[in-house]
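Here's the structure we're looking at; comments come further down.
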Amino acid sequence: MDRVSSSMKQVTNPLPKVLSRRAGGGGGGLEAERESFERAQTVSINKAINTQEVAVKEKHARTCILGTHHEKGAQTFWSVVNRLPLSGNAVLCWKFCHVFHKLLRDGHSNVLKDSVRYKNELSDMSRMWGHLSEGYGQLCSIYLKLLRTKMEFHTKNPRFPGNLQMSDRQLDEAGENDVNNFFQLTVEMFDYLECELNLFQTVFNSLDMSRSVSVTAAGQCRLAPLIQVILDCSHLYDYTVKLLFKLHSCLPADTLQGHRDRFLEQFRKLKDLFYRSSNLQYFKRLIQIPQLPENPPNFLRASALSEHISPVVVIPAEASSPDSEPITDLVEMDTASQSLFDNKFDDIFGSSFSNDPFNFNSQNGMNKDDKDRLIEQLYREIGALKEELENFKAESERRALQLRGRISELEAELAEQRHLKQQALDESEFLRAELEELKKRREDTEKAQRSLTEIERKAQANEQRYTKLKEKYSELVQNHADLLRKNAEVTKQVTVARQAQGDVEREKKELEDSFQRVSEQAQRKSQEQTEVLETLKRELAASKQELQALQGTLESSTQLGVEQSTRIAGLEQERDSLSQAAEQHSEEMAALRAELQQLQDTLSSEKESSKKMLETLQTQLKDKENVEQAFQQRLSQEQFALLQGTTQEAEQMVQDSLSRLEDPAHISCTSSADYLLSRTLAASDCIERLQDAQSKYLSNRTDMSSLLPCVALFAHLISDTILQGSATSHMAPMEPADRLLEACKQCGSEAMSYLGALREPGTLEGADCTPVRNCLSRISAIGEALRPKGLDVKQEELGDLVDKEMAATSAAIETAAARIEEMLSKARADDTGVKLEVNERILGSCTGLMQAIQVLVLSSKDLQREIVESGRGAASPKEFYAKNSRWTEGLISASKAVGWGATVMVDAADLVVQGKGKFEELMVCSHEIAASTAQLVAASKVKADKDSANLSKLQQASRGVNQATAGVVASTKSGKSQIEEKDSMDFSSMTLTQIKRQEMDSQVRVLELENQLQKERQKLGELRKKHYELAGVAEGWEEDAAD
């Protein structure tokens, strides 16, 4: 605690040095100061948050807090913390939570704003550490949850500072004198306090209380953050008590029963934790923990608020125990009271009597009766003195308690004054810094003014330079014109030079031809030289023969003289040398011939082997080419077979859609012109892609990756367009319906022709889908003519009408649900047995359908709101509805249909329950509601983003409506089968003639019913066409046709 107080006294010392350096440095000084600040903060944060299992040192935490006030935020803190491995070390994460808690409490107010963006990372880290059930893992998880709750609380309630210190007036202003705000604020404080108590309890449970853990480093590491928790809990408890008294003065006691129960639970926990904490040696020297009252406040009695004493947590300035002085005073008071009693006793009985008050034998002249009276008198006086002593002790204890409370209040005020003093010092330092900055800005402005005058002077000089440059520019323009003229002359010369260059190139070609001829002549000369060499070799052989002849003549001329003999001897020597040289030459020639013969043999063998190898390689190459050709041919055949199979399936799909046009069951299918237009637009886009894929396949017959998907999609979209066109014709007037049906049939036949052309190899290149596109254009034109032309309201009123219709639909559904509940209650009261079971099942399924429709309407509202917000831009919602009037009219029509269907279904259910209606009517109403909700889903889905979450909810709600509709139909059929009596078909007593007669009657009845069914289907088709005509008249189709 001495270190804490000394560091608190030294808070104001570093700032003036920083400010003085800032004032003297200039621009580079500010940057250096910033770097120094960040370096110091990084060192302090790393020292405060480390992996050592010891408590965070107060000086490092205080440096971090002052750093947030210096930079007015926590950017530096988070930049350093983000580099720490918080997810890898639990002790590191625990100490981070402790430091971050201190920053939220005592740091700058912008710490919360800078930290909110990391709230999701803290939640993920909390979930990660929550998987560990032992050690610091669970502690880190709970502490991170507490920090997230603290950030959310202060974000929702910005009036509350981080340290939660507020006056009663500020607390009233936080609630804005609204009981609803006070109610919600109390709930949020309960949640906040619950997180604090959870951390408190978890830390205590993790410690071994059988040992003195508070004096160990590991125990202090876990207990140190609880100081911040105790400070928060004291304020939260105080504010909760005050808010509950305020709520009880405005709301009935029954409404606040839950608040009281939750407060009592937290009161017991907090009282127990405060008591256990106050007994730990670690907290005794760091913090003075208040003790809560024995009993919780009685909120049902308004006067109990005056008895409430706000708990004050005191952090003593010295390490000595604050309880020592009141105890000393109490001992002194007891000693004084004892001395006062002794003085009174001596005054009454004397000092000698006080030494031995019961030595009655020493008192002469007193008889036994006097002694008895004296003893009784003494007993009475002793009893009175004892009562007086007890009263005096009680009064002294009461005054001691009052003095202790007063001392606690004064210490709290002193701590608050110190805190305010520290805040004032910090503010003065910041004001000094701002003053220095203002002085520097003033100097900068003066420098800027001086530089402005210099700039003006330079501007005048630049203007003079500009005039000179303008003159130079005119001269350069003139020179440029001259150069252009010279350039024209040079271009003429260049053309002449190019012509000369062409002549030179021609001469060069002639020289190359002549060089070719000279080279040929040189080759011929080399051949001639080889011939000359051969002749020289022959002459050499002749000379050898002549030499042999001369040798013969020399041998025969032995009779010559001495001169001739010497000459002959020299000639013989020369002959020997020549003979030796000839022998050597002959040997070399023989060796060369042998080597030449060997080389010729190896060359011939290599030629033969290479020839054979070349032949084998050529045969292998030809085989490989044949195999590849066969493979390519087979691959192309298989691909084309795959194309034929795809086109055949596509033809079957289109043919199936054409055959369904004549199916009587298809008459009951209906569709809207808007959906038909969307299908024709998709089919047209697919035709464009199909043409590109066809041209790509024709250019490369081996690539069919894009053609097959396009063919399948083309067949699907064309079939869908034909079926939707037929369904739309059922709701259209007679003439447009016939034209639309004829266009759909023609579109199907053209599509069949195009697919047939794709299937044949000869007609593949000439396959053209232009007729199909023309048919789709006709269908689109007819669909545009059949689209509704608008409601009989102003465009400005469309937005209001949408909201009214959606509200009316919701009201109709709620009314229907209420009626079903009434019918169910009435049926339970009136019916019994099988009828009650059937009615409960039917009405229960109807209730489920109403609930599913209500969920669908709410999801449609959310999606509609999202579409309007994302698509209107800067325009208002009414302008968006007016701009998209067709879509708006679709929403209105769909919502009307849903509300009308719900009302009709309730009426049908009522008649069925009463036994006056038909089960078939209820099933038809269910199908009608399903169709209306499908129309509402389609109208809401048109402009929605495919990745929208509200669209997924709407589709899920639509599936729920379909399931509920199926449930209504199933329960209706089951009830019908239970109620209706089935005649047992017993034919055992009938003769052959009677059975034949009954069989003929049954066949006649079947034919009559089939005839009636056909007539009713035709009637239904005519009714739907008439309904479509009436709807078109109501929405202005005939006016558009006339236009």
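Looking at the structure I just gave you, is M151 touching a residue at least 24 places away in the same chain (Cβ under 8 Å), under 35 Å from the mean Cα position of the chain (by Cα) and under 29 Å from Q423 (Cβ atoms)? In short, yes. Is it true that S729 is crowded, with 24+ Cβ neighbours inside 10 Å and either free of Cβ contacts under 8 Å to residues at least 24 places away in the same chain or out of contact with any Gly (no Cβ under 8 Å at 6 or more places or on another chain) (or both)? Considered against the rule, which asks whether it is crowded, with 24+ Cβ neighbours inside 10 Å and either free of Cβ contacts under 8 Å to residues at least 24 places away in the same chain or out of contact with any Gly (no Cβ under 8 Å at 6 or more places or on another chain) (or both), S729 comes out as yes.
Okay, residues lined up against (1) more than 30 Å from Q165 (Cβ to Cβ); (2) touching a helix residue (DSSP H, G or I) at 6+ places or on another chain (Cβ under 8 Å); (3) open to solvent by 40 Å² or more (accessible area, probe 1.4 Å); (4) not in a helix (DSSP H, G or I):
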residue	(1), (2), (3), (4)
V56	no, yes, no, yes
R62	no, yes, no, no
V116	no, yes, yes, no
M125	no, yes, no, no
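Let's see how each residue does on (1) within 60 Å of the chain's Cα centre (by Cα); (2) of a type in the set (A, V, I, L, M, F, W, C):
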{"site": "Q600", "(1), (2)": "no, no"}
{"site": "E608", "(1), (2)": "no, no"}
{"site": "T616", "(1), (2)": "no, no"}
{"site": "D623", "(1), (2)": "yes, no"}
{"site": "F631", "(1), (2)": "yes, yes"}
{"site": "R634", "(1), (2)": "yes, no"}
{"site": "F640", "(1), (2)": "yes, yes"}
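Here I667 clears all of (1) under 41 Å from the mean Cα position of the chain (by Cα); (2) at pLDDT below 80 except the condition numbered (1). Among residues of the stretch 279-299 that are charged (D, E, K, R), those with a beta-carbon under 6 Å from a residue that is at pLDDT below 90 and open to solvent by less than 40 Å² (accessible area, probe 1.4 Å) at least six positions away or on a different chain give the pairs R285/M1. Here Q1012 meets the list (1) over 30 Å from T670 (Cβ atoms); (2) modelled with pLDDT of 75 or more; (3) open to solvent by 80 Å² or more (accessible area, probe 1.4 Å) almost entirely, failing just condition (1).
Give just the number: which of (1) modelled with pLDDT of 80 or more; (2) open to solvent by 80 Å² or more (accessible area, probe 1.4 Å) does D983 not satisfy? Answer for D983: the failing condition is (1).
Checking the stretch 941-962 against the condition returns a match, with at least one residue being open to solvent by less than 10 Å² (accessible area, probe 1.4 Å), in a loop (DSSP other than H, G, I, E, B) and at pLDDT 70 or above.
Looking across the stretch 640-670, the residues that are touching a helix residue (DSSP H, G or I) at 6+ places or on another chain (Cβ under 8 Å), surrounded by fewer than 20 Cβ atoms within 10 Å (Cβ to Cβ) and among the hydroxyl-bearing types (S, T, Y) come down to S668, T670. Kindly evaluate D106 against the criterion of being in contact (Cβ under 8 Å) with a residue 24 or more places away in the chain and of a type in the set (D, E). Yes.
A591 - would you say it is within 19 Å of Q545 (Cβ to Cβ) and either open to solvent by less than 70 Å² (accessible area, probe 1.4 Å) or of a type in the set (A, V, I, L, M) (or both)? The answer is no for A591. Might you check whether a residue that is farther than 19 Å from M166 by Cα, touching a residue at least 24 places away in the same chain (Cβ under 8 Å) and in a helix (DSSP H, G or I) occurs anywhere in the stretch 205-212? Yes, the stretch 205-212 has at least one match. Is it the case that the stretch 378-389 has a residue that's on the phi < 0 side of the Ramachandran plot, basic (K, R), modelled with pLDDT of 80 or more and in a helix (DSSP H, G or I)? Yes, that holds for at least one residue. Consider the stretch 154-178 and keep the residues that are in a loop (DSSP other than H, G, I, E, B) and without any contact (Cβ under 8 Å) to a residue 24 or more places away in the chain. The one that is farthest from V241 (Cα to Cα) is P158.
The C-beta contact set for the stretch 405-428 (first residue closer than 19 Å to Q288 by Cβ and modelled with pLDDT under 80, second residue part of a helix (DSSP H, G or I) and of a type in the set (F, W, Y), distance under 7 angstrom, 6+ apart or interchain) is empty. The single condition from (1) farther than 26 Å from K269 by Cα; (2) among the acidic types (D, E); (3) out of contact with any Lys or Arg (no Cβ under 7 Å at 6 or more places or on another chain) that E173 fails is (3). Would you confirm, using the coordinates I've provided, whether T240 is polar (S, T, N, Q) and in a loop (DSSP other than H, G, I, E, B)? Against the criterion (polar (S, T, N, Q) and in a loop (DSSP other than H, G, I, E, B)), T240 does not qualify. In the stretch 989-1009, of all residues being out of contact with any helix residue (DSSP H, G or I) (no Cβ under 8 Å at 6 or more places or on another chain) and in a loop (DSSP other than H, G, I, E, B), the one that is modelled with the highest pLDDT corresponds to T991.
Annotation: of all residues in the stretch 200-217 being at pLDDT below 70 and of a type in the set (S, T, N, Q), the one that is most open to solvent (accessible area, probe 1.4 Å) is S210. Taken over the stretch 219-274, the criterion of being aliphatic (A, V, I, L, M), open to solvent by 10 Å² or more (accessible area, probe 1.4 Å) and more than 27 Å from R62 (Cβ to Cβ) is satisfied by L251, A253, L264. In this structure, A909 qualifies as at pLDDT 70 or above and either touching a Cys at 6+ places or on another chain (Cβ under 9 Å) or under 17 Å from A966 (Cα atoms) (or both).
Scanning the stretch 79-97 finds no residues that are part of a helix (DSSP H, G or I), polar (S, T, N, Q) and either open to solvent by less than 40 Å² (accessible area, probe 1.4 Å) or at positive phi (or both). Before we move on, is C195 within 30 Å of G130 (Cα to Cα), without any contact (Cβ under 8 Å) to a residue 60 or more places away in the chain and crowded, with 19+ Cβ neighbours inside 10 Å? Taking the combined requirement at face value, the residue satisfies it.
On the given criteria, is S133 polar (S, T, N, Q), at pLDDT 90 or above and over 30 Å from R432 (Cβ atoms)? Taking the combined requirement at face value, the residue does not satisfy it.
The values are calculated or read from the model by the stated rules, or taken from the named source; none is laboratory data. Here the structure is a predicted model, which is why all the values come from computation and not from measurement. Every residue, glycine as well, gets a Cβ built from its backbone with ideal geometry; the counts of neighbours run over all protein chains shown. With ligands, DNA and RNA removed, areas are computed over all heavy atoms of the protein, side chains included. Shrake-Rupley method; radii C 1.70, N 1.55, O 1.52, S 1.80 Å.
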